[in-house]
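Chemist: Got a structure for you, questions after.
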Amino acid sequence: MFQTYDDPGGPQLGRKHLPKLRKALKSAGLDGFITPHEDEWQNEYVPRAYDRLAWLTGFTGSAGAAVVFADEAAVFVDGRYTLQVRAQVDETLFAYRDLVDGGPAGYIRERAAKGAKIGYDPKLHSPDALDRLQAAADAAGAVLVAVAKNPIDEVWDDRPAIPTAPVVSHPEKFAGEASNTKRHRLGDGLKKDHADAAVITSPASIAWLFNVRGGDVARTPLPLGEAILRSDGSADLFLADEKVSAELKQWLGNEVSVRPSADLAPALASLSGKRVKVDPSSASAWYFGELERAGAEIVRGQDPVVLPRACKNDAEIEGSRKAHQRDGAAVARFLHWLSTDAQTGKVNEIEACEKLESFRHATGQLKDLSFDSISGAGPNGAIVHYRVTTKTNRRLARGSLFLIDSGGQYPDGTTDITRTVAIGRATPEMKERFTRVLKGHIALARVRFPKGTTGHQLDALARMSLWEAGLDYDHGTGHGVGSYLGVHEGPHRIAKLLNAVPLEPGMIVSNEPGYYKTGGYGIRIENLQVVTPAADIEGGERPMLGFETLTLAPIARELVVKKLMTKDEIEWFNAYHANVREKIGPQLDGDAKAWLEAATAPI
């Protein structure tokens, strides 16, 4: 099994490690230190060896920070983690602060002593984030000090091993385009921008550009490394020696020079006098400092890989279809199990996770989960980013709802699906709220829209039915998804927050409206869908883009209040289930197939 259920954090970590850091800071002549959640590659899922925030505080969420002074400290989290931080971090050691409202910069402005020297690791902060911290320090009369060695690393005695998983080829039958073609295409783009080179720091971009995959990051097949892409299509790829094989070098070809990680700084220094594109949203301040010292002309701009990676080609889209058909059969077997064995009220959240993972393993092609499954029974389902542990494990009690958000990593695609099911009999309120979430989901699945439309402009469609009842949810409606890469991928998204990136053909995005009753239950319905090319609408004047739904698994028809549904919504729901039955049915047999027939019958 890939998923484990221990809690790697907890207040005991802060109690043990905060004194160690303070002692190290005193020895280094520093009065404070800033620790973000991010690692050197800005990963969403941080390898344990780089999870410095968890080591220092005990907090294991996917976004956060800490600021430590000699006599006080604070930990910063956003609204998703207000409950988790109180369970994992000792409030007598760290004050709880909001990551968004004020954040570390506000805390430094408010609490830093005049003349205080506050350390930071330039490899962990983006230039924009560092500018905000610098402004706060200036306002407080303090001084920010870049450290050559992170003091946490210096005192982390039992630090896990640095990940050195082999980097392997990603076959062209899945990638859909040769690496040298990608590199020359992007190199031509650099020429048009009058840039000589681009520094690529995102592991996902490196994986896509060179058609490779790795195993350095849990739940995402990423290789930790860096690259310099030149305008002629040649490139230097920087990887730890332990990750590199003769087969890899042969796969990459003669235009790619594979170099040790230690060569990165000298390679940046060699770009003196060159126009070099660097993405300030994914590259740390360290890169900008090195290039400035080298005398390079820095061109701030988006990583040239980001948009091409997001717009999947035909092979990637077809791979995603196949991955979802395979994954859908595993999910259908799980939903059949939920409707039978799990209706006793004796099954718990961990057992449900393990059962679903076992069905995915049975496909024979599962490489990893795409994230730790969110298995929320009753009130735990109302915690949007809930992660079950042995301490929080709850039974799927009769008369409750169970929310399961999960996904798999397959060589041909990445999946992400959420289903909500009743354990025993659901209440009328549960059914009414479920139907409103479903109506929003269907609205976003059916919509047609003109070229240039952003996800921000579509977000309200998924919320309208909830809004009409005075309800809403506090997370985004959709995120991009990679092709055997990250389950969360930009630059596009569907959310209330402004996003200037238009949806383009080939982009895969989730459709996941929800409703959460604190202390009661959670509801979410999530499918992945791919943007389809613009096509004419009969009687219309402009071609319109749309969505093709990729995810294939039954949606709980027993929770649907039919009288709340329109004729068009019912037609979509029945057509979706007919497609599920057609694509998934042949992969099932016996009781599971009979269950699928009933679960996808028209309403």
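Chemist: Under a Cβ-only charge scheme (Lys and Arg +1, Asp and Glu -1), can you give me the dipole magnitude of the chain about the Cα centre, in debye to the nearest 20? Please list the in-between numbers first.
Modeler: On the way: 73 positive and 79 negative charges, 202 e Å.
Using only the charged Cβ atoms, the result is roughly 960 debye.
Chemist: Using only alpha-carbon positions, what ratio does the radius of gyration of region 286-349 give when scaled by 2.2 N^0.38 Å?
Modeler: Working: Rg = 23.9 Å, N = 64, 2.2 N^0.38 = 10.7 Å.
Taking the Cα Rg and dividing by 2.2 N^0.38 Å, one obtains 2.24.
Chemist: Run the 1.4 Å probe and let me know the accessible area of Ile508, rounded to the nearest 10 Å².
Modeler: Number for this one is 10 Å².
Chemist: Mind sorting out which of (i) -0.33, -1.13, -1.32; (ii) -0.37, -1.03, -1.17; (iii) -0.68, -1.13, -1.19 is the real log10 I(q)/I(0) by the Debye sum over Cα atoms at q = 0.06, 0.11, 0.12 Å⁻¹ computed from the coordinates?
Modeler: (i)
Chemist: Counting only C-alpha contacts under 8 Å and six or more residues apart, can you give the relative contact order of the chain as a whole percent?
Modeler: Working: 1309 pairs, mean separation 64.7, N = 603.
RCO, the chain: 11 percent.
Chemist: What is the spin-label model distance, in nm, from Glu582 to Ser27 if the labels are put 7 Å beyond Cα along the C-beta direction?
Modeler: Reported label-point gap for Glu582 and Ser27 is 6.8 nm.
Chemist: First compute the accessible area of the chain with a 1.4 Å probe, then give the percent of it belonging to carbon and sulfur atoms. Mind showing how you got there, number by number?
Modeler: On the way: 12330 of 24600 Å².
Whole-percent figure for carbon plus sulfur exposure: 50.
Chemist: Per the helix-only calculation at 222 nm, which mean residue ellipticity applies to the chain, given -39500 (n - 2.57) for every DSSP H run of n ≥ 4 and division by its residues, nearest 500 deg cm²/dmol?
Modeler: After summing the helix terms and dividing by residue count, I get -10500 deg cm²/dmol.
Chemist: Students often check this: by mean Cβ neighbours within 10 Å, which of 450-462, 221-233 ranks highest, and how do the rest follow? Each step should come with its number before you reach the end.
Modeler: Numbers: 450-462: 17.9, 221-233: 23.8.
Top to bottom by mean Cβ count within 10 Å: 221-233, 450-462.
Chemist: Order the peptides 110-116, 477-483 from the highest to the lowest mean number of other Cβ atoms within 10 Å of their residues. Please list the in-between numbers first.
Modeler: Numbers: 110-116: 15.3, 477-483: 25.4.
Ranked from most to least packed, the peptides come out as 477-483, 110-116.
Chemist: Give a residue-ordered list of calculated ³J(HN,Hα) values for region 166-176 (Karplus: 6.51 cos²θ - 1.76 cosθ + 1.60, θ = phi - 60°; whole Hz; x for Gly, Pro).
Modeler: Whole-Hz 3J(HN,Hα) from phi for region 166-176: x, 8, 10, 6, 10, x, 5, 5, 8, 6, x.
Chemist: Would you kindly find the accessible area of Lys567, with a 1.4 Å probe and non-protein molecules such as ligands, DNA and RNA excluded, rounding to the nearest 10 Å²?
Modeler: 140 Å²
Chemist: Moving on to the next point. Residue by residue, what Karplus-based ³J(HN,Hα) values in Hz, rounded to whole numbers, does region 185-198 have, using 6.51, -1.76 and 1.60 with θ = phi - 60° and x for Gly and Pro?
Modeler: Karplus-based 3J(HN,Hα) across region 185-198 equals 5, 6, x, 4, x, 5, 4, 4, 8, 6, 10, 8, 7, 9 Hz.
Chemist: What spacing in nm lies between the two simple spin-label points modelled at Ala262 and Ala139, each 7 Å away from Cα in the Cβ direction?
Modeler: 4.4 nm
Chemist: A follow-up question, please. Subtracting the Cα-Cα distance from 0.36 nm times the residue separation, let me have the gained length for Thr344 to Thr392 in nm, one decimal.
Modeler: Numbers: separation 48, 0.36 × 48 = 17.28 nm, distance 1.98 nm.
Length gained, Thr344 through Thr392: 15.3 nm.
Chemist: Rg and Dmax in Å for region 486-528, alpha carbons only: what are they?
Modeler: Calculated on Cα positions, Rg and Dmax stand at 13.2, 40 Å.
Chemist: Can you tell me the length gained on complete extension of the stretch Gln12 to Leu471, counting 0.36 nm per residue apart and subtracting the Cα distance?
Modeler: Details: separation 459, 0.36 × 459 = 165.24 nm, distance 3.87 nm.
The Gln12-Leu471 span can extend by a further 161.4 nm.
Chemist: Can you quote the Å³ per residue value for the convex hull of the Cα atoms in region 84-152, rounded to an integer?
Modeler: Working: hull volume 7.8 nm³, N = 69.
Dividing the Cα hull volume of region 84-152 by its residues yields 114 Å³.
Chemist: Could you check the spin-label model distance between Leu307 and Ala362? Points 7 Å from the Cα along Cα→Cβ, value in nm.
Modeler: 4.5 nm
Chemist: Per residue of region 30-44, what does 6.51 cos²θ - 1.76 cosθ + 1.60 with θ = phi - 60° give for ³J(HN,Hα)? Whole Hz please, x for Gly and Pro, Karplus curve as stated.
Modeler: In residue order, the calculated couplings are 10, 9, x, 8, 10, 10, x, 6, 5, 9, 5, 10, 6, 5, 6 Hz.
Chemist: Just the C-alpha atoms of region 533-573: what Rg/Rh do they give, with Rh taken as the Kirkwood radius?
Modeler: Values: Rg = 14.6 Å, Rh = 13.1 Å.
Value, to two decimals: 1.11.
Chemist: Considering region 302-453, what Rg and Dmax in Å follow from its alpha-carbon atoms?
Modeler: In Å, with Rg to one decimal and Dmax whole: 17.5, 53.
Chemist: Working out 0.36 nm times the residue gap between Glu154 and Arg86, then minus their Cα-Cα distance, what length gain in nm do you get to one decimal?
Modeler: Working: separation 68, 0.36 × 68 = 24.48 nm, distance 2.77 nm.
Length gained between Glu154 and Arg86: 21.7 nm.
Chemist: Something else: Taking only protein heavy atoms and a 1.4 Å probe, what accessible area per residue, in Å², does the chain have with all protein chains in place? Please list the in-between numbers first.
Modeler: Numbers: 24600 Å² over 603 residues.
With all protein chains present, the chain gives 41 Å² per residue.
Chemist: While we're on this one: Applying a 10 Å radius around every beta-carbon, put 350-363, 17-30, 528-541, 405-418 in order of their mean neighbour count, most first.
Modeler: Numbers: 350-363: 18.4, 17-30: 16.7, 528-541: 13.8, 405-418: 25.1.
Those peptides, ordered most packed to least, come out 405-418, 350-363, 17-30, 528-541.
Chemist: I would also like to ask the following. Over the heavy atoms of Met464, what accessible area does a 1.4 Å probe trace out, to the nearest 10 Å²?
Modeler: 90 Å²
The values are calculated or read from the model by the stated rules, or taken from the named source; none is laboratory data. Just so we're clear, the structure is a prediction, and the values are computed from it rather than from any experiment. Cβ: placed from backbone, ideal geometry, glycine included. Neighbour counts: every protein chain shown. Heavy atoms of the whole protein, side chains included, go into the accessibility calculation; ligands, DNA and RNA do not. Shrake-Rupley method; radii C 1.70, N 1.55, O 1.52, S 1.80 Å.
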